[in-house]
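Please read the structure below before turning to the comments.
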Amino acid sequence: MYWPALLMAAEIDLPEHVFVHGYLLMEGEKMSKSLGNVLDPFAVIERFGADALRFYLLREVPFGQDGSVSTSSFELRYESELANELGNLASRTIGMLDRYRDGAVPAAALDPALAEDFAGLPERVAAHVDRAELTLALEQIWQRVKRLNRYVEEQAPWRLAKEPERAQELDRVLASLVEGLRSVTVLLWPYLPTSAERLLAALGAPELGLSSAQLGAGEVRRVSAIDSLFPKDPPAAGA
């Protein structure tokens, strides 16, 4: 009520949309200094980084709604999703390119099956973001992170590498993996800016923007080694 009144008095146009975040509850209860049931953001950031906290809050609590958070659920998402799914995908992809192709990305056509799973992804993410459905947008991206991990297991590049006559298959798998990883990393940049920039630098693909998130829009030619994006046991503050 007050904000529109101030804008009208100043003859400034009123906003067309107002997005209001919800409240964070600690294990279902209001956070209170007297109860001590507080998730200290500074302690979390010092140990795990701001990216991890931002990701957790948007993944755990739908934007605009009240939602419960906890130390245990944060640590579970950090290990199961950031470390095991995204971090492991990045290290495996870069590691296999280094091991099997000396870091060079094969000039191979992308796997049509994987391309189908990525079709229209940037547009769907953009549509959710336009409606301030940040958690739903993140879910769209994360489903492709999971898909890339399944693709690794389905294609088993380590087995293809043992059969020289299947070199072209291996090239297609490696090229598809690195391009899929690049695509999801571009889309994850608003959620994980520091980590996404590190990973894109390792992929030699710093371009950001919705158009560059399309599968096949990148031109990754060589990858470089990168330290673990999300260590499974980061040192405690002061350690």
Practice prompt. Scan segment 126-145 for residues that are basic (K, R) and surrounded by 16 or more Cβ atoms within 10 Å (Cβ to Cβ) and report the count.
Written response: 1
Worksheet entry | Top-ranked residue in segment 202-216 [being farther than 21 Å from A119 by Cβ and in contact (Cβ under 8 Å) with a residue 24 or more places away in the chain; ranked as surrounded by the most Cβ atoms within 10 Å (Cβ to Cβ)] | L203
Fill in: Residues of segment 130-171 satisfying the condition of being over 21 Å from Y56 (Cα atoms) and either outside any helix (DSSP H, G or I) or β-branched (V, I, T) (or both)
V152, A156, A161, K162, E163
Discussion item. Against the definition (at pLDDT 80 or above, aromatic (F, W, Y), at negative phi and loosely packed, with under 15 Cβ neighbours inside 10 Å), how does F63 come out, yes or no?
Written reply: no
Item to complete: For segment 94-120, enumerate the residues that are in a loop (DSSP other than H, G, I, E, B), at negative phi, of a type in the set (G, A, S) and surrounded by 13 or more Cβ atoms within 10 Å (Cβ to Cβ).
Response: A108, A109
Worksheet item: Can you tell me which of G238, G209 is at pLDDT below 95 and either of a type in the set (V, I, T) or within 23 Å of I141 (Cα to Cα) (or both)?
Response: G209
Discussion item. Please determine whether any residue of segment 5-15 is loosely packed, with under 10 Cβ neighbours inside 10 Å, aliphatic (A, V, I, L, M) and modelled with pLDDT under 90.
Written reply: no
Practice prompt. Run D66 past the list (1) among the acidic types (D, E); (2) in contact with a helix residue (DSSP H, G or I) (Cβ under 6 Å, 6 or more places away or on another chain); (3) over 30 Å from L199 (Cα atoms) and report the number of the one that doesn't hold.
Written response: (2)
Discussion item. Taking the conditions exactly as written (acidic (D, E), closer than 30 Å to P62 by Cβ, under 20 Å from the mean Cα position of the chain (by Cα) and buried (at least 17 other Cβ atoms within 10 Å of the Cβ)), does E123 satisfy them or not?
Written reply: no
Discussion item. Just to be sure I understand, how many residues within segment 16-43 are surrounded by 10 or more Cβ atoms within 10 Å (Cβ to Cβ), over 14 Å from D66 (Cα atoms) and of a type in the set (G, A, S)?
Written reply: 2
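The values are calculated or read from the model by the stated rules, or taken from the named source; none is laboratory data. Nothing here was measured: the structure is a model prediction, and the numbers come from that model. Every residue, glycine as well, gets a Cβ built from its backbone with ideal geometry; the counts of neighbours run over all protein chains shown.
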